[in-house]
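*Asks:* Have a look at this one.
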Amino acid sequence: MQTILEDMRSGISEEGIRLGGEILKQGGLVAFPTETVYGLGGNALDAEASAKIYAAKGRPSDNPLIVHIADWEAIRAIVSEIPEAAKQLADAFWPGPLTMILNKSDLVPYATTGGLETVAVRMPVNPIARALIRAGGGYVAAPSANTSGRPSPTKAEHVAEDLNGKIDMIIDGGTVDIGLESTIVDLTDGAPTILRPGYINQEMLTKVLGEVEMDRGLIAPESGVHPKAPGMKYRHYAPKADLIIVEGEAEKVRRKINELVQQQISEGKKVGVIGTDESLSYYKDGDVRSIGSRKDEITIAQHLFGLLREFDESDISVIYSEAFETPQIGQAIMNRLIKAAGHQIIRV
Ligand code: TXA
Ligand code: MG
């Protein structure tokens with residue numbers, strides 16, 4: 001398949017949006033930018049389009065897709081009821097990087113929800129995404145536009161790496177703003193519960209709803225409780241190299257990483273280090289890269305997935321990373337980093 005590449009980095013092309021919308025209506029797949037990560041879109045109400053999404057990503061079909069809408073009114077057709085909490089969250093955070101789990105209506109095929117009676121709904125803020133959703137009929141199922149198991153794409157180049165030749169169109173909207181997937185909140189089962197942490201954090205949600213819980217499967221993976229979002233149980237974002245997080249007081253972390261790097265080098269191994277603008281100069285050896293600045297935590301979120309992809313292109317066999325428990329997005333950043341590291345953490 002020839003994948004059409006539409007460049008909208010310097011502005012929306014009406015023509016391109018019209019073409020993308022046509023492709024979606026005919027059951028095809030269009031990758032597009034959102035404020036979180038790039039999505040791989042198909043018509044959410046068309047079971048065959050959803051099947052194509054799973055095939056292109058190599059994704060297990062029991063892992064449900066998020067339905068993207070562009071207007072509040074659109075939600076009525078795809079859910080069986082709208083709880084008060086959903087209205088409050090929409091008022092506060094839509095359009096934006098928040099996904100709500102609600103009970104689905106009959107209009108949404110099980111192929112889209114992975115067989116579940118619930119549906120994930122999100123209204124993105126990115127103008128290209130919103131225009132495309134409207135042009136495509138109003139309901140766009142879109143997982144992250146990566147091959148299953150690889151880091152989510154934060155640039156159109158990442159999408160092309162994984163999906164070129166497998167989908168109809170890629171819209172390039174430049175680098176995304178946030179770099180981590182949306183926060184997922186379940187509103188179908190007792191107290192509102194965070195199933196996946198993101199830019200909209202627990203404190204922000206609590207301010208709107210009162211009490212908001214964190215999925216037990218997320219905070220205590222060793223407890224044997226399975227995460228409630230099916231996708232959170234899969235090994236994700238795993239780089240080819242062994243990734244190990246070193247956590248603790250800044251000074252001690254730097255010393256420990258330098259020591260570990262020396263050890264690996266003496267064994268003839270190639271080593272990578274993930275530090276920040278503030279710590280870069282402390283690391284003497286190895287392939288040292290800055291993920292961003294602790295003074296501007298969004299830069300850390302933005303670069304995480306891209307950096308993991310960069311290391312995959314090198315022949316490095318071990319990567320040591322600092323921990324990034326930053327105030328607002330730290331929980332989301334660490335959720336992704338810890339998964340990428342397969343839970344390998346050294347505490348100093
Ligand atoms: O930021 C985002 O959410 C991006 C952009 C493209 O919007 N999309 C995204 O989709 O991250 P995906 O498919 O990579 O992740 C969706 C997550 C998975 O962990 C999935 O299991 C969960 O949402 N999910 C979807 N529907 C669900 C449902 N009905 N109940 C529980 N979890 C659900
Ligand atoms: Mg994903």
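*Asks:* Assuming residue 137 fulfils every condition listed in (1) crowded, with 19+ Cβ neighbours inside 10 Å; (2) at positive phi; (3) away from ligand 1 (no atom under 12 Å from the Cβ) apart from one, which condition is it?
*Replies:* (1)
Per-residue answers, yes or no, for (1) buried (at least 16 other Cβ atoms within 10 Å of the Cβ); (2) modelled with pLDDT under 95; (3) among the aliphatic types (A, V, I, L, M):
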site	(1), (2), (3)
164	no, no, no
186	yes, no, no
199	yes, no, no
209	yes, no, yes
218	yes, yes, yes
224	no, yes, no
230	yes, yes, no
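*Asks:* Still on this structure, please answer the following. Confirm whether residue 38 is at negative phi, of a type in the set (Ser, Thr, Tyr), within 20 Å of the chain's Cα centre (by Cα) and open to solvent by 10 Å² or more (accessible area, probe 1.4 Å).
*Replies:* When the stated conditions are applied, residue 38 does not pass them.
*Asks:* Hey, another quick one. Would you please list the contacts, defined by Cβ atoms under 9 Å and residues six or more apart or on different chains, that run from a residue in region 172-191 that is free of Cβ contacts under 8 Å to residues at least 40 places away in the same chain to a residue that is of a type in the set (Lys, Arg) and near ligand 1 (Cβ under 10 Å from one of its atoms)?
*Replies:* 189/228
*Asks:* Can you give me the number of residues within region 58-73 that are within 12 Å of ligand 1 (Cβ to nearest atom) and either open to solvent by less than 30 Å² (accessible area, probe 1.4 Å) or at pLDDT 95 or above (or both)?
*Replies:* Residues flagged as within 12 Å of ligand 1 (Cβ to nearest atom) and either open to solvent by less than 30 Å² (accessible area, probe 1.4 Å) or at pLDDT 95 or above (or both) within region 58-73 amount to 7.
*Asks:* Within region 74-115, track down each residue that is outside any helix (DSSP H, G or I), open to solvent by 70 Å² or more (accessible area, probe 1.4 Å) and touching a helix residue (DSSP H, G or I) at 6+ places or on another chain (Cβ under 8 Å).
*Replies:* 107
The values are calculated or read from the model by the stated rules, or taken from the named source; none is laboratory data. All values derive from a computational prediction rather than experimental measurement. No Cβ is skipped: glycine too gets one built from the backbone with ideal geometry, and neighbour counts run over all protein chains shown. To get the accessible areas, we keep the full protein, side chains included, count just its heavy atoms, and leave off ligands, DNA and RNA. Shrake-Rupley method; radii C 1.70, N 1.55, O 1.52, S 1.80 Å.
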